[in-house]
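Take a look at the structure set out below.
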Amino acid sequence: MLRIEGLQSGYGRIQALHGIDIAVTEGEIVALVGANGAGKTTLLMTICGNPRASAGKVWLAGEDITGLPTHHIMRRGLAHSPEGRRIFPRMSVLENLQMGAARGDPAHFAQDLERVLDLFPRLKERLAQRGGTLSGGEQQMLAIGRALMSRPKILLLDEPSLGLAPLVVRQIFEIVAEINREQGVTVFLVEQNAFHALKLAHRGYVMVNGKVTMSGSGAELLANEEIRAHYLGGGHG
Amino acid sequence: MEYFLQQLINGLTLGAIYGLVALGYTMVYGVLGMINFAHGTIYMVGAFISLITFLVATTVLGTSVPLALVLTLFAAMGLTALWGWTAERVAYRPLRSAPRLAPLISAIGVSIMLQNFVAQAQGARAKPLPPVIKGGVTLMDSGDFVVSLSWMQIIIMAMTLALMAVFTWVITRTALGRAQRACEQDMKMASLLGIDVDRVISTTFVIGAGLAGVAGMMVTLYYGVIDFYIGFLAGIKAFTAAVLGGIGSLPGAMLGGLLIGLIEAFWSAYFSIEYKDVATFSILVAVLVFRPTGLLGQPDVEKI
Ligand SMILES: Nc1ncnc2c1ncn2[C@@H]1O[C@H](COP(=O)(O)OP(=O)(O)OP(=O)(O)O)[C@@H](O)[C@H]1O
Ligand SMILES: [Mg+2]
């Protein structure tokens, strides 16, 4: 589904990714964990073409998408719920969802809207409310909902748990599992909350300073001593 | 009372023209955070295109006046829109990631270039156009003062209203308008949703320039005299209108335009016509001191 080979990128002269190899198979949930500044967000954004890769390749559904402009890449069955959610603050919830559907077939809109509102009933009551006035949890739901409006084959999720109460985090992770299980959406998830992410994921990768240092099944990584010490704080996140 | 009413009509007419030009400033600012200093010049170019098209249509082609006016409208709108597109491609887009000052200077360069081109090609002297649409309706006649509304004023207000209505509909209700607002609020996110940001920016310039072109046409028909320099002061006043209404706010630009028109008309009528620009700009300063975001501009309510 998504294959990344030797990917390098960065910002100006600062290189943030030093040759990343990752593969995500259709139907999987794959988690990428790592400390602050490891380059997780940079990796997801480089997949989307912004910043551009300086070396290496990205394949999406068998096609080489390296170097394509972002809006072209995003029209190939890829959706991104980015770090910080990036809800359009002065647009209503409905308009935010409409923006998510902008690259989809208008004939599917009503159906997709219903599907997303079924997943997130909280949004249904707030369709006319401005995005900027939603709570953090609601904004995260909107960000995921907006991404799903385009009927993606693969969903990139950047730290959906950031700043949310444990209960809301659990809700959101359950919904991600549901999207994957019932709608067959492949998920590539970036998290600092390594415990939850690895429990949810089929497989995981660990990133340190722009390099992948470990990979394995979610359970394997959760059991790993080093990971327990570094990312799980000895307990459960 | 009659005198007051007449000034109100004059002020609203003038304000409609400023409002149309102000929309272009505020739209470009909203999306790029850039003051397009060449925008006033586009209004001047619209005026010249109108003058030339109208004269060619009526004298060379021998078309009737209504047909000539329609042709003029299309030419003014179409050619200025094309110019807006070209200027963005050539002079601003390459500077998108340059320091903010660079596109600003580039815009001033475009503006001076265009002004001097028109001055050379068309001559620096003022160009007259004999009144095309004469007459009007008398609203009130108290014996010593007549309040009249000329057909031209009616056309200007009606056309401005129509354009603003269409424009508002496009921005608030259509996918194009949504994409435009999305780019204004978060360009990177818009591109992550498959929006071609460059195209949206081009469209913004095209719409803004087209509206300024129509304003240029109306001013030509209304005053019947234009020169290569009219874009400068009108541009600054329209920019003032945009700031007064709250830069980035579309209703603000329309409101600001009307207010500047009214202030100018009333000040000229009741105080002194020589000091009208002093008054206009003093009010701008006063409003900004007490309300830096302008009348309808609002500080964002954003989380995180
Ligand atoms: N816009 C930018 N300009 C310059 N450097 C950047 C920019 N964004 C990120 N970086 C740098 O790139 C490196 C990787 O950052 P990135 O945001 O990808 O990390 P991350 O793993 O997502 O961290 P976090 O968990 O804190 O979100 C960091 O050293 C960061 O300082
Ligand atoms: Mg990050």
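Residue count for segment A:42-51, restricted to those that are within 16 Å of ligand 2 (Cβ to nearest atom) and either at pLDDT below 95 or of a type in the set (Gly, Ala, Ser) (or both): 2.
Every residue, every condition in (1) within 16 Å of ligand 1 (Cβ to nearest atom); (2) surrounded by fewer than 22 Cβ atoms within 10 Å (Cβ to Cβ), yes or no:
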| site | (1), (2) |
| --- | --- |
| A:LEU7 | yes, no |
| A:TYR11 | yes, yes |
| A:ILE14 | yes, yes |
| A:HIS18 | yes, yes |
| A:GLY56 | yes, yes |
| A:LEU68 | no, yes |
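Within segment A:20-37, the set of residues being within 13 Å of ligand 1 (Cβ to nearest atom) and more than 16 Å from the chain's Cα centre (by Cα) comprises A:ILE20, A:ALA35, A:ASN36, A:GLY37. When segment A:183-194 is filtered for residues that are small (Gly, Ala, Ser) and surrounded by 22 or more Cβ atoms within 10 Å (Cβ to Cβ), only A:ALA194 remains. The numbered conditions (1) more than 16 Å from ligand 2 (Cβ to nearest atom); (2) under 17 Å from A:GLY34 (Cβ atoms); (3) within 13 Å of the chain's Cα centre (by Cα) are all true for A:GLY216 except (3). Looking across segment A:82-98 at every residue that is farther than 20 Å from A:ILE179 by Cα and at the interface with another protein chain (Cβ under 7 Å from one of its Cβ atoms), the one that is farthest from ligand 1 (Cβ to nearest atom) is identified as A:GLU95.
Taken residue by residue, segment A:121-141 has at least one member that is surrounded by 19 or more Cβ atoms within 10 Å (Cβ to Cβ) and within 16 Å of ligand 1 (Cβ to nearest atom).
All told, A:ALA197 meets the bar of being over 14 Å from A:LEU94 (Cβ atoms), within 16 Å of ligand 2 (Cβ to nearest atom) and crowded, with 17+ Cβ neighbours inside 10 Å. Answer with yes or no whether A:SER54 is away from ligand 2 (no atom under 16 Å from the Cβ) and among the hydroxyl-bearing types (Ser, Thr, Tyr). Against the criterion (away from ligand 2 (no atom under 16 Å from the Cβ) and among the hydroxyl-bearing types (Ser, Thr, Tyr)), A:SER54 qualifies. Listed here are the helices (runs of 4 or more DSSP H) enclosed by segment B:116-233 that have at least 3 residues being over 21 Å from the mean Cα position of the chain (by Cα) and within 14 Å of chain A (Cβ to nearest Cβ): B:175-185, B:187-192, B:197-223.
Among the residues examined, A:LEU60 does not qualify as free of Cβ contacts under 8 Å to residues at least 24 places away in the same chain, surrounded by fewer than 22 Cβ atoms within 10 Å (Cβ to Cβ) and either of a type in the set (A, V, I, L, M) or within 13 Å of ligand 2 (Cβ to nearest atom) (or both).
Considering only segment A:75-97, how many residues are on the phi < 0 side of the Ramachandran plot and touching a residue at least 40 places away in the same chain (Cβ under 8 Å)?
Step one: filter segment A:75-97 for residues on the phi < 0 side of the Ramachandran plot, giving A:75-76, A:78-83, A:87-97.
Checking the rest, the ones that are also touching a residue at least 40 places away in the same chain (Cβ under 8 Å) come to A:78-83, A:87-91, A:93, A:96-97.
Within segment A:75-97, residues that are on the phi < 0 side of the Ramachandran plot and touching a residue at least 40 places away in the same chain (Cβ under 8 Å) number 14.
Could you say whether any residue in segment A:163-171 is within 14 Å of chain B (Cβ to nearest Cβ) and outside any helix (DSSP H, G or I)? Yes.
Are there any pairs with C-beta distances below 6 angstrom linking a residue in segment B:72-95 that is without any contact (Cβ under 8 Å) to a residue 60 or more places away in the chain to a residue that is surrounded by fewer than 20 Cβ atoms within 10 Å (Cβ to Cβ), with the two at least 6 apart or on different chains, and if so which? As it stands, the answer is B:LEU95/B:ALA102, since those pairs meet every condition given. Return yes when A:LEU155 is more than 9 Å from chain B (Cβ to nearest Cβ) and surrounded by 18 or more Cβ atoms within 10 Å (Cβ to Cβ) and no when it is not. Spelling it out, A:LEU155 is indeed more than 9 Å from chain B (Cβ to nearest Cβ) and surrounded by 18 or more Cβ atoms within 10 Å (Cβ to Cβ).
Considering only segment A:193-212, I want to know if a residue exists there that is hydroxyl-bearing (Ser, Thr, Tyr) and within 16 Å of ligand 1 (Cβ to nearest atom). Outline the logic, then answer.
Within segment A:193-212, the first condition is being hydroxyl-bearing (Ser, Thr, Tyr), and the residues that meet it are A:205.
Checking which are within 16 Å of ligand 1 (Cβ to nearest atom) leaves us with A:205.
Yes, segment A:193-212 contains a residue that is hydroxyl-bearing (Ser, Thr, Tyr) and within 16 Å of ligand 1 (Cβ to nearest atom).
Candidates B:LEU250, B:LEU288, B:LEU255, B:LEU211: the one that is of a type in the set (A, V, I, L, M, F, W, C), modelled with pLDDT under 90 and within 25 Å of B:ALA76 (Cβ to Cβ) is B:LEU250.
Looking at B:THR13, B:THR26 in this structure, which one is touching a residue at least 40 places away in the same chain (Cβ under 8 Å), closer than 30 Å to B:PHE145 by Cα and of a type in the set (S, T, N, Q)?
Answer to the check: B:THR13.
The set of residues in segment A:118-147 that are away from every other protein chain (no Cβ under 12 Å) and in contact with a strand residue (DSSP E or B) (Cβ under 8 Å, 6 or more places away or on another chain) comprises A:LEU127, A:ALA128, A:ILE144.
Condition test on A:SER81, is it under 25 Å from A:ILE47 (Cα atoms), within 16 Å of ligand 2 (Cβ to nearest atom), at pLDDT 95 or above and among the polar types (S, T, N, Q)?
The answer is yes for A:SER81.
The values are calculated or read from the model by the stated rules, or taken from the named source; none is laboratory data. Please read all numbers here as calculations on a predicted model, not as lab measurements. Here Cβ is always computed from backbone atoms with ideal geometry, including for glycine, and neighbour counts include all displayed protein chains.
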